[in-house]
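Visitor: Starting off with a structure, shown below.
The values are calculated or read from the model by the stated rules, or taken from the named source; none is laboratory data. Please read all numbers here as calculations on a predicted model, not as lab measurements. Here Cβ is always computed from backbone atoms with ideal geometry, including for glycine, and neighbour counts include all displayed protein chains. Ligands, DNA and RNA are stripped out before the accessible areas are found, and what is left, the full protein with its side chains, is counted by its heavy atoms. Shrake-Rupley method; radii C 1.70, N 1.55, O 1.52, S 1.80 Å.
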Amino acid sequence: MPDSELCDLWQRPYRDRADAAESLFSLNALYVARFGEPMCLSSGYRSYEEQAALRRKKGGIAAPAGLSNHGWGLAVDFCSETYAGERGDWLWANAATFGWENPEWARKGGSGYYEPWHWEYKSAVEAMKEAGTS
């Protein structure tokens, strides 16, 4: 993903694709209004090399380089204080309004590892799947 298509998020060094970032900023503004502080991020866009290194370190819990939506700038990982408890309930109740979801594969009983921290910008991920680029 070229740097020109990525935007900084409120918590550096994290970035995502412009449309995903814009939507996430809107969700975060609502979160700040509710909780008085921004959502805590633990990951955003990852380059091919960063994803490959993560795969070597974490094994099968990390997608192979080139197959992660982090590499398309369409995913973020939240810290536990954002995705769990009262704040997690709030996230589940509001994220879809802004196009974000914890994908089915990452949920308990899903087809992948349980990753409650992993959220994706759904419409763009679906468009990539339809186009055969994901």
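Visitor: Tell me, what is the percent relative contact order of segment 80-134, built from C-alpha pairs under 8 Å that lie six or more residues apart?
Guide: Here the relative contact order equals 25 percent.
Visitor: Also: Run the numbers on the chain and let me know its relative contact order in percent, using alpha-carbon pairs under 8 Å that are six or more apart.
Guide: 21 percent
Visitor: Can you check what the Kirkwood hydrodynamic radius comes to for segment 1-42, Cα pairs only, in Å to one decimal?
Guide: Kirkwood radius, segment 1-42: 10.7 Å.
Visitor: What are the ³J(HN,Hα) couplings of segment 28-40, residue after residue, when phi is run through the Karplus curve with 6.51, -1.76, 1.60 and θ = phi - 60°? Round to Hz, x for glycine and proline.
Guide: Whole-Hz 3J(HN,Hα) from phi for segment 28-40: 5, 4, 5, 4, 4, 4, 7, 10, x, 7, x, 4, 8.
Visitor: More than 16 angstrom separation, counting every C-alpha pair in segment 1-82; what % is that?
Guide: Considering segment 1-82, 52 percent of its Cα-Cα pairs are separated by more than 16 Å.
Visitor: Could you sort 2-12, 69-79 so that the peptide with the highest average Cβ count within 10 Å comes first and the rest follow in order?
Guide: Highest-to-lowest ranking by the protection proxy: 69-79, 2-12.
Visitor: What number comes out for accessible area per residue over the chain if the probe is 1.4 Å? Units Å², please. Please report the intermediate quantities before stating the final value.
Guide: Numbers: 7230 Å² over 134 residues.
That works out to 54 Å² per residue.
Visitor: Calculate the all-directions average of the projected area of segment 15-134's alpha-carbon convex hull, and give it in nm².
Guide: Approximately 7.2 nm², given one-decimal rounding.
Visitor: In whole Hz and in residue order, list the ³J(HN,Hα) couplings for segment 61-70 that follow from phi through the Karplus curve 6.51 cos²θ - 1.76 cosθ + 1.60, θ = phi - 60°; x for Gly and Pro.
Guide: 5, 9, 5, x, 4, x, 10, 8, 5, 4
Visitor: Of all the accessible heavy-atom surface of the chain, with the other protein chains kept in place and a 1.4 Å probe, what percent is carbon and sulfur?
Guide: Values: 3680 of 7230 Å².
Carbon with sulfur: 51 percent of the solvent-accessible area.
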